[in-house]
Structure formats: C-alpha cells, structure tokens
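*Asks:* This structure is in structure tokens; I'll ask about it shortly.
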Amino acid sequence: MSATTSTPIHPVLSNRRSPRSFDATATISNEALVAILEAARWAPSANNFQPWRFHVGVRGDEVFDSILSTLVPFNQSWANRASALVLVSIVNQNEDGTPRPISGFDAGLAVSQLTFEAHSRDQVAHQMAGFDAEKAAQTFELPTQIAPIVVIAIGTQGPAEQLEGVLLERENAPRQRKELSEIVLAGLPN
Ligand SMILES: Cc1cc2nc3c(=O)[nH]c(=O)nc-3n(C[C@H](O)[C@H](O)[C@H](O)COP(=O)(O)O)c2cc1C
C-alpha cells in the first residue's frame, strides 16, 4: 500500500515500507545482494570516512543464524523468514582515538541507500534496533571502536496472512507520518 503523501514524490519512496511478512521460500541472488551493498557503499559521509561495516548472512548459513540469535524474540518471530540479515556496525572513533559522533548519521544514509536499492529490485528491507548489540559484538569479535547499530532483514514480501495477532494488524495498517507542518519548524512553503 502506497503512502498518502501531501504531494507526489518518487514512487520508490512512497511505495517503500517495512513489512514483516517475508516469504520463507524466497532466496536472494548474489547479484542483488551485492548491488544492495554497493548502493550502501556509495552513500555520502562526513570527510568521506565511510564508517559503515556490514556482516551479511543468507538464510541457512551460519552468519544468518548468528545475527538472528541477537534479535529480540519479537523480531526473531518474523525475521527468520527473511532471505538475508545484515548487521550494520559503525566505526565510532577517528584514527587518533577521539570519538566520532557523526558515524551513526553516516551509517543511516548508507542504510537508506541500501533500503531503496532493495525496494527498487522488488525486495523489501526492514530495519531493526531490537537486537542485543553487545552479543553481536561478541559473536563477531568486533574491536571496541566498531559498534553494532542496527540489523536489516531483506527479502521477498509474502502474504500478510501468514502473520498473526499484532503482527498481522501492523502489516495491514496504513503507513502514518506527522504532518509536514509539525516537522518543518520554519519556512514551509504554502
Ligand atoms: C532504526 C530503526 C529501528 C527499527 N527497529 C525495529 C524493530 O526492532 N522491530 C520492528 O519490527 N521494526 C523496527 N523498525 C521499523 C519501524 O517501526 C518502521 O520503519 C516504522 O514504523 C515506519 O514504518 P514504514 O517503514 O513501513 O514506513 C525500525 C526502523 C528503524 C529506522
């Protein structure tokens, strides 16, 4: 279901959504997965620092199972049907060891590009903050300056009816946003 926008925007933006009804029989091609990661690679970043790092698991492999095991039970219950799970981490320090608070912003841009590339290829992507970042860091033996920030489920959307209860309700609910007038604090054109 497309978003009801106040004015037309690019269809890949209005049609994108974060479904939970993944098709557990679908697989993702290596070509599509590489293209999705390539899209992330070309995101802009402060000083071109490119602080994003990815662990990529494909359903059935060890990396997928490891990432899945870090998700909170609610997310595990639907993300286990995704074709791929991507753990996104950030390099949160500069080379001299000083903190780099802008890294999360940079990684958000990379994930945004990844998401739209996925949707433009008839895949869907659903981001999750509901995971155990400490467990993920331990599992993948990350050094202290690399911090897990989000997990993304990528795959083919399946029928909503395979979900139950609150998951089914959310799947069929219209997408909602604050009004532009609530988020543009000054200068919104008439
Ligand atoms: C950083 C981030 C973390 C999120 N974490 C979760 C999550 O843990 N579980 C979940 O089901 N959805 C999660 N979502 C999905 C949001 O709930 C969803 O994007 C939001 O409701 C808007 O829906 P839409 O993407 O379909 O427009 C997350 C989204 C983002 C961007």
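*Asks:* Would you pick out the residues in segment 167-190 that are farther than 26 Å from Glu117 by Cβ and loosely packed, with under 10 Cβ neighbours inside 10 Å?
*Replies:* Lys178, Glu179, Ser181, Glu182, Leu185, Ala186, Gly187, Pro189, Asn190
*Asks:* Continuing with this model, one more query. In segment 115-125, which residues are within 12 Å of the ligand (Cβ to nearest atom) and crowded, with 22+ Cβ neighbours inside 10 Å?
*Replies:* Thr115, Val124, Ala125
*Asks:* Show the residue pairs meeting these rules: Cβ distance below 6 Å; 6+ apart or different chains; first residue within segment 48-75 and farther than 19 Å from Glu141 by Cβ; second residue surrounded by fewer than 19 Cβ atoms within 10 Å (Cβ to Cβ) and not aliphatic (A, V, I, L, M).
*Replies:* Qualifying pairs under 6 Å: Val72/Gly130; Asn75/Gly130.
*Asks:* Still on this structure: Does Leu37 meet the test of being farther than 15 Å from Val86 by Cα and either buried (at least 17 other Cβ atoms within 10 Å of the Cβ) or of a type in the set (A, V, I, L, M) (or both)?
*Replies:* Here the answer is no, as Leu37 does not meet what is asked.
*Asks:* Could you please tell me which pairs satisfy a Cβ distance under 6 Å, a separation of 6+ or placement on different chains, a first residue in segment 1-30 that is closer than 17 Å to Trp78 by Cα, and a second residue that is within 15 Å of the ligand (Cβ to nearest atom) and modelled with pLDDT under 95?
*Replies:* Arg17/Arg175
*Asks:* Is it true that Gln138 is more than 18 Å from Arg16 (Cα to Cα), within 14 Å of the ligand (Cβ to nearest atom), without any contact (Cβ under 8 Å) to a residue 40 or more places away in the chain and not in a loop (DSSP other than H, G, I, E, B)?
*Replies:* No.
*Asks:* List the strands (runs of 3 or more DSSP E) inside segment 29-129, counting only whole elements, that have at least 3 residues being of a type in the set (A, V, I, L, M) and under 15 Å from the mean Cα position of the chain (by Cα).
*Replies:* Passing ranges, in order: 84-91, 124-128.
*Asks:* For Glu62, are the conditions met, namely being acidic (Asp, Glu) and under 21 Å from Thr144 (Cα atoms)?
*Replies:* Considered against the rule, which asks whether it is acidic (Asp, Glu) and under 21 Å from Thr144 (Cα atoms), Glu62 comes out as no.
*Asks:* Out of Ser69, Ser2, Ser45, I need the residue that is under 13 Å from Val151 (Cβ atoms), surrounded by fewer than 19 Cβ atoms within 10 Å (Cβ to Cβ) and in contact with a helix residue (DSSP H, G or I) (Cβ under 9 Å, 6 or more places away or on another chain). Which one?
*Replies:* Just a single option satisfies the conditions, and that option is Ser69.
The values are calculated or read from the model by the stated rules, or taken from the named source; none is laboratory data. The model shown is predicted, which means the values in this text are computed figures rather than measured ones. Don't worry about glycine lacking a Cβ; one is built from the backbone with ideal geometry, like all the others, and counts go over all protein chains shown.
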